[in-house]
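Note sheet for the following structure.
The values are calculated or read from the model by the stated rules, or taken from the named source; none is laboratory data. Just so it is clear, the model here is predicted, and its values are computed rather than measured. Every residue, glycine as well, gets a Cβ built from its backbone with ideal geometry; the counts of neighbours run over all protein chains shown. These area figures cover heavy atoms from the full protein model, side chains too; ligands, DNA and RNA do not enter into them. Shrake-Rupley method; radii C 1.70, N 1.55, O 1.52, S 1.80 Å.
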Amino acid sequence: MIRSLLSPLVHLFYPHCCELCGTDLSRTDELLCMTCQDTLPATNFHLYTNNPVSGIFSGRLPVTQATAAYYYSQASGLQRLIHRFKYRQRKDIALWLGKQMGHMLQESAWAAAVDAIVPVPLNPRKEKERGYNQAAVLAAGIASVLNRPVLPQALVRSQYTSSQTRKNRISRWENVQTVFSADSCVNGRHVLLIDDVITTGATTEACGHSLLEAGAGVSICCLAYAYR
């Protein structure tokens, strides 16, 4: 009773604002207002076996399913959210987006077969600089919805690689093809590989090959698909 009376007062003096538009959120909203949530460009790729993300890996990596939750575009609300959780220490944003990914995956016919969730690793030096691995935080958000274990040590990134941002597909693959190794804990499991933004898929493909070599079945889910 007391809590219910105090809650509006707390909300008045410490307003909970939408991360994108600054609108004061209702007590039932989290991070974004409903209007801004509706503007996030969902792909619905998780509902279709043949989609642009699975097409990236066709003939390159034998995955069970591949999807991305949202389309990525420059200067969009989603880009602002990604920038904040990658470069401004906003883990809460990555966790919230991971939960949205989890809710989407619950709608699919294939996610129920996933045994465990594996984030794409950062090089330890880069993770130390950032303070966390954003893919691992996304994975934690997904896991909280799907009730699956996260295996953060299943993949190890053994080398520091240069940024992929300005590289073409071949250069990206050459940059990462030998830097990942997978632990035997994935053997016999269907794992869901998680990353933030997929463009050419080179990093995700390299991780997928390592998991397959360790005896895992692999599906892929990225936060955003950077279409060209």
Subset of segment 179-226 [among the aromatic types (Phe, Trp, Tyr) and at pLDDT 95 or above]: 225
Segment 66-86, subset open to solvent by 50 Å² or more (accessible area, probe 1.4 Å) and free of Cβ contacts under 8 Å to residues at least 12 places away in the same chain, residue nearest to residue 45 (Cα to Cα): 74
Qualifying residue in segment 85-103 (condition: part of a strand (DSSP E or B), of a type in the set (A, V, I, L, M, F, W, C) and under 12 Å from the mean Cα position of the chain (by Cα)): no
Residues within segment 104-136 that are among the aliphatic types (A, V, I, L, M), open to solvent by 20 Å² or more (accessible area, probe 1.4 Å), more than 18 Å from residue 43 (Cβ to Cβ) and not in a loop (DSSP other than H, G, I, E, B), tallied: 3
Residue check, residue 154 under 22 Å from residue 179 (Cα atoms) and open to solvent by less than 20 Å² (accessible area, probe 1.4 Å): yes
Hits in segment 23-36 - residues which are acidic (Asp, Glu) and part of a loop (DSSP other than H, G, I, E, B): 29
Subset of segment 177-193 that is in a strand (DSSP E or B) and hydrophobic (A, V, I, L, M, F, W, C) - its residue that is surrounded by the fewest Cβ atoms within 10 Å (Cβ to Cβ): 180
Close pairs (6 angstrom Cβ cut-off, 6 or more residues apart or separate chains): over 11 Å from residue 192 (Cα atoms) and in contact (Cβ under 8 Å) with a residue 24 or more places away in the chain in segment 110-128, open to solvent by 10 Å² or more (accessible area, probe 1.4 Å) and of a type in the set (Ser, Thr, Tyr) anywhere: 123/160; 125/160
Unique match (being modelled with pLDDT of 95 or more and of a type in the set (Val, Ile, Thr)) among 120, 176, 156: 120
Members of segment 194-224 found to be in contact with a His (Cβ under 9 Å, 6 or more places away or on another chain) and open to solvent by 20 Å² or more (accessible area, probe 1.4 Å), listed by number: 217
Residue within segment 37-60 that is assigned to a strand (DSSP E or B), buried (at least 18 other Cβ atoms within 10 Å of the Cβ) and touching a residue at least 40 places away in the same chain (Cβ under 8 Å) present: no
Check on residue 63, in a loop (DSSP other than H, G, I, E, B), hydrophobic (A, V, I, L, M, F, W, C) and buried (at least 17 other Cβ atoms within 10 Å of the Cβ): yes
